[in-house]
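Structure first, commentary second.
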Amino acid sequence: GLGGGGGGAGSGGGLLLESPPVTVNGLLAANGGGGGSGARSTYSAGYDGERGYFALTAALGAVSTGSGEVGCSGGNGNSSTAVDGLSNTCETAYPADEDGGGGGGGAGRIRVNGMVVVIGGAVLSPAISTTIGSTGPLPVS
């Protein structure tokens with residue numbers, strides 16, 4: 001709508017790979033998007049943040065531009081090792097601005113299950129070293 005706060009970004013969803021032998025090469029990404037900016041004025045809307053990248057880097061929150069009552073910028077999404085999206089940022093010229101930017105989206109989950117799991121030359125975002133990237137045994141039914 002016009003003259004309001006920016007929308008919060010979506011999270012990165014999830015990836016589940018299961019097979020008796022699993023070898024992961026290349027890139028797997030479940031990244032959140034960047035938050036939308038607050039309205040630039042009472043008569044206009046803010047901008048959309050970027051979609052989550054198929055990469056290790058964070059999607060950028062929208063930057064608010066304009067003059068007078070300028071909304072706050074949106075927060076960035078997650079990166080490979082920083083799994084939480086960031087909160088918005090406001091310009092210092094108008095600290096009482098009510099048109100806040102939306103928060104960035106957090107990472108989704110990546111889970112790889114197998115009797116043998118090899119994460120060869122793979123790059124994952126979120127990384128396996130985080131609390132939401134993981135490997136495990138193949139479920140037995």
- Query: What's the number of the condition SER64 fails, among (1) modelled with pLDDT under 90; (2) within 14 Å of GLY8 (Cα to Cα); (3) touching a strand residue (DSSP E or B) at 6+ places or on another chain (Cβ under 6 Å)?
  - Reply: (2)
- So LEU15 fits all but one of (1) surrounded by 15 or more Cβ atoms within 10 Å (Cβ to Cβ); (2) in contact with a Phe, Trp or Tyr (Cβ under 8 Å, 6 or more places away or on another chain); (3) of a type outside the set (Asp, Glu); what number is the exception? (2)
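Across segment 7-42, what is the number of residues that are small (Gly, Ala, Ser) and more than 23 Å from ASN78 (Cα to Cα)? Step through it out loud before you land on a result.
First, pick out the residues of segment 7-42 that are small (Gly, Ala, Ser): 7-14, 19, 26, 29-30, 32-39, 41.
Remaining after also requiring more than 23 Å from ASN78 (Cα to Cα): 19, 39, 41.
Count: 3.
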- Residues of segment 1-23 being within 30 Å of VAL118 (Cα to Cα) and modelled with pLDDT under 90, in sequence order, are none
- Run GLY46 past the list (1) in contact (Cβ under 8 Å) with a residue 60 or more places away in the chain; (2) crowded, with 16+ Cβ neighbours inside 10 Å; (3) among the small types (Gly, Ala, Ser) and report the number of the one that doesn't hold. (1)
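Look through ALA30, ALA62 and report the one residue that is under 22 Å from the mean Cα position of the chain (by Cα), of a type in the set (Gly, Ala, Ser) and over 11 Å from GLY102 (Cα atoms). If you could, list the steps in order and put the result at the bottom.
Values: ALA62 fails: over 11 Å from GLY102 (Cα atoms).
One residue alone meets the criteria, ALA30.
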- Item | Number of positions in segment 57-67 that are open to solvent by less than 80 Å² (accessible area, probe 1.4 Å) and of a type in the set (A, V, I, L, M, F, W, C) | 3
- Residue check, LEU86 at pLDDT 80 or above and not in a loop (DSSP other than H, G, I, E, B): no
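The values are calculated or read from the model by the stated rules, or taken from the named source; none is laboratory data. The shown structure was predicted, so the numbers you read here are calculated from the model rather than taken from an experiment. No Cβ is skipped: glycine too gets one built from the backbone with ideal geometry, and neighbour counts run over all protein chains shown. Protein only, heavy atoms only, side chains kept; ligands, DNA and RNA dropped before computing areas. Shrake-Rupley method; radii C 1.70, N 1.55, O 1.52, S 1.80 Å.
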